[in-house]
Amino acid sequence: MDPKDIEEMQAGFAAIYGRKAEFADRFYVHLFARMPEAEAMFVGDFTKQKEMFASMLTYCLKGVSDHKSLIHAGDTLAKTHARFDLGTREAELAIDAMMAAFDDVLGGDLAPSQREVWRAAITRITGLVLADRSLEH
């Protein structure tokens with residue numbers, strides 16, 4: 001990502017981070033609405049899952065300015081999600097759920113340029129996860 005894109009992400013991150021619990025809640029609401037079968041993937045302590053989601057979101061933000069961190073984030077996500085055998089369809093639905101969560105939580109506080117940059121970053125990380133999965137097959 002170029003420095004201007006990174007700056008755009010960082011400009012909106014404080015608002016997202018300050019509401020990370022709500023963001024995680026909204027993400028899963030949208031994910032399960034788009035992909036009801038995904039709800040069965042989450043057993044046990046869902047609070048911990050939401051905390052891990054918020055932590056990974058933070059780590060991914062750091063990764064956009066450091067390619068090694070981004071690769072590590074993609075690798076970590078690929079390993080933790082490998083048992084679900086996710087593909088392009090699921091990745092697209094998750095990206096849409098994430099963007100809907102941004103809209104719910106931040107509404108008009110996230111500038112269109114920031115929204116575009118976040119979508120691009122999330123799509124990039126999702127692509128890393130899918131690429132890692134394709135290496136296994």
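Each reported figure results from applying straightforward, stated rules to the coordinates on display, with no laboratory input. Everything numeric in this text was worked out from a predicted model, so none of it was measured. Note: ideal-geometry Cβ built from the backbone for every residue, glycine included; neighbour counts use all protein chains shown.
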Ranked from highest to lowest mean number of other Cβ atoms within 10 Å per residue, what is the order of the peptides 43-53, 99-109? 99-109, 43-53
For an R0 of 30 angstrom, estimate the FRET efficiency from the Cβ-Cβ distance between E92 and S113 and round to the nearest 0.05. 0.85
In whole Hz, the Karplus estimates of ³J(HN,Hα) for the range 34-42 (6.51, -1.76, 1.60; θ = phi - 60°; x where Gly or Pro) are 7, 9, x, 5, 5, 4, 5, 6, 10
